[in-house]
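The values are calculated or read from the model by the stated rules, or taken from the named source; none is laboratory data. Note that the coordinates shown come from a computational prediction; the quantities given were computed from them, not determined experimentally. Here Cβ is always computed from backbone atoms with ideal geometry, including for glycine, and neighbour counts include all displayed protein chains. With ligands, DNA and RNA removed, areas are computed over all heavy atoms of the protein, side chains included. Shrake-Rupley method; radii C 1.70, N 1.55, O 1.52, S 1.80 Å.
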Amino acid sequence: MWWRLCSLLAWFPLQEAFLTNHTETVTVEEGQTLILKCVASQGKTTSLQWLAPSGFTIFLNEHPALKNPKYQLLHHSTNQLAISVLNVTQRDDGVYKCLHYGDSVRTKKVKVIVLATPSMPTLEASVIRMPDGKEHVTLKCSTVRSKPPPQITWILGNGLELYGETHHEFETDRKICNSSSILRVRTYGKNSTVDCVIRHKGLQGRKLVAPFRFEDLVTDRETASEALEKSSPSSQDPQQPTSTVAVMEDSSTTDKEEKEQTTRGPALATEASLQYVGMIRKKNGILLLTLVSFLIFILFIIVQLFIMKLRKAHVVWKRENEISEHTLESYKSRSNNEETSSQEKKGQTFPSKSYVNYITQLYSEAKTKRKENALNSKLKGEPTPIPESIV
């Protein structure tokens, strides 16, 4: 069995030269299950093999070659091999091959396209004032992570469907893209509406719609205008829209206006944008002032506590210094008194040094005289006289 498996794997570099029956195309959405079936003709078939787009073997007959739980065996027989790929992603996109090993080697190719359905679109609106004082509204509809790129259109309130300026930006893998469409509206009314519509193969006939009501834009501008008028009485009222039908600008006119805008300078912001920026700055200023005041208060409390602790330490040090000086003076006074009393006691009890020397000298002279008298008496033959006591 193993020698047969090794011999089969040795044919892989030559598989492109084998006969190919046909190529199928299978479309599947991300997260779904992909089913691959390989059915051989009613001939002599020894083995069936599925190869991944990377070239690795997934299954050889009923034996799995890749230890990946997303590949499952559904059915195996002498002329059929069916497998499934669970929870497909963009990595599973590519060409799968089924090899029939018999009298000759045949190849069946299946091109798998993994669809990535776009996300719900987001719609942004901005009012641009041109240097000549005219205004227009720019609507931008965006959706992310789609494959292939979606179709984006605009449906006006009267049912007219238009294409905007569509842009597709692909990610690093060159498969997934992020798309956006821009529509410029020159005139509009309070009751005007426009919808951004997303169509895609993965939606299976469904549409993603992001509606926009110009009533919201007019209301926001009126609110901002009233706030601006209250803050500055000398400000003028903004111009109100005059038309009730939304119309898209011509592409040539748009390009011309963009060039004029580039040469003359950037467009001025609307009163609503200015008012919003002013309110944000005011809130940020109040928050910053409150934070600084709080920090100063905390710092003041810390300094006061430090001063109190320093004063207490100074009082304790001063008290200890006074006690040590008093103790030192008392010790010195007591030492002087003890020394004086000791000298007085020595003077009363013991004779002075000169008196002791005098007595010692008298004793020595008496002893010497006694020795001389004894020697003279001995020479003369006289008895030795008895020495007299010295008082």
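Please go through the range 88-125 and give me each residue that is without any contact (Cβ under 8 Å) to a residue 24 or more places away in the chain and hydroxyl-bearing (S, T, Y), ordered by number. Write out each step before concluding.
So the first thing to find is which residues in the range 88-125 are without any contact (Cβ under 8 Å) to a residue 24 or more places away in the chain, and the list is 91, 124.
Listed by number, the list is empty, since nothing qualifies.
Going by the conditions given, is L208 touching a Gly at 6+ places or on another chain (Cβ under 7 Å) and either assigned to a loop (DSSP other than H, G, I, E, B) or not assigned by the TED database to the domain that holds E29 (or both)?
Numbers: touching a Gly at 6+ places or on another chain (Cβ under 7 Å): no; either assigned to a loop (DSSP other than H, G, I, E, B) or not assigned by the TED database to the domain that holds E29 (or both): yes.
Criteria not met by L208.
For the range 94-106, name all the residues that are at pLDDT below 90 and open to solvent by less than 50 Å² (accessible area, probe 1.4 Å). Outline the logic, then answer.
First, the residues of the range 94-106 that are at pLDDT below 90: 100-106.
Residues satisfying the conditions are H100, Y101, G102, V105.
Evaluate the following for V88: is it outside the structural domain of H200 (by the TED database), assigned to a loop (DSSP other than H, G, I, E, B) and β-branched (V, I, T)? Quick ask: steps written out before the conclusion?
Numbers: outside the structural domain of H200 (by the TED database): yes; assigned to a loop (DSSP other than H, G, I, E, B): yes; β-branched (V, I, T): yes.
For V88, the condition - outside the structural domain of H200 (by the TED database), assigned to a loop (DSSP other than H, G, I, E, B) and β-branched (V, I, T) - is met.
Using the structure shown, decide if K259 is closer than 30 Å to L162 by Cβ and either surrounded by 10 or more Cβ atoms within 10 Å (Cβ to Cβ) or modelled with pLDDT of 75 or more (or both). Walk me through how you get there before you give the answer.
On the way: closer than 30 Å to L162 by Cβ: yes; either surrounded by 10 or more Cβ atoms within 10 Å (Cβ to Cβ) or modelled with pLDDT of 75 or more (or both): yes.
Criteria met by K259.
Out of everything in the range 52-93 that is among the small types (G, A, S) and open to solvent by less than 70 Å² (accessible area, probe 1.4 Å), what residue ends up being nearest to V112 (Cα to Cα)? I'd like the intermediate steps shown before the answer.
We begin by selecting, within the range 52-93, every residue among the small types (G, A, S); these are 52, 54-55, 65, 77, 82, 84.
Then drop every residue that is not open to solvent by less than 70 Å² (accessible area, probe 1.4 Å), which leaves 52, 55, 65, 77, 82, 84.
Details: A52: 11, G55: 14, A65: 20, S77: 24, A82: 15, S84: 13 Å.
Top of the filtered list is A52.
Would you say A125 is touching a helix residue (DSSP H, G or I) at 6+ places or on another chain (Cβ under 8 Å), under 30 Å from I198 (Cα atoms) and open to solvent by 20 Å² or more (accessible area, probe 1.4 Å)? First the steps, then the outcome.
Details: touching a helix residue (DSSP H, G or I) at 6+ places or on another chain (Cβ under 8 Å): yes; under 30 Å from I198 (Cα atoms): yes; open to solvent by 20 Å² or more (accessible area, probe 1.4 Å): yes.
It is true that A125 is touching a helix residue (DSSP H, G or I) at 6+ places or on another chain (Cβ under 8 Å), under 30 Å from I198 (Cα atoms) and open to solvent by 20 Å² or more (accessible area, probe 1.4 Å).
How do the pairs read when you match residues in the range 159-177 that are closer than 19 Å to S192 by Cβ with residues anywhere that are among the small types (G, A, S) and at pLDDT below 90, using Cβ under 8 Å and keeping only pairs 6 or more apart or on different chains?
none
Yes or no: V95 over 29 Å from L217 (Cβ atoms) and either among the hydrophobic types (A, V, I, L, M, F, W, C) or in contact with a Cys (Cβ under 9 Å, 6 or more places away or on another chain) (or both)?
On the way: over 29 Å from L217 (Cβ atoms): yes; either among the hydrophobic types (A, V, I, L, M, F, W, C) or in contact with a Cys (Cβ under 9 Å, 6 or more places away or on another chain) (or both): yes.
When the stated conditions are applied, V95 passes them.
Find the strands (runs of 3 or more DSSP E) located wholly in the range 102-203 whose residues include 1 or more that are more than 30 Å from E24 (Cα to Cα), and list them. Write out each step before concluding.
Values: elements: 105-115, 122-129, 135-146, 151-156, 165-170, 177-185, 193-199.
By residue number, 122-129, 135-146, 151-156, 165-170, 177-185, 193-199.
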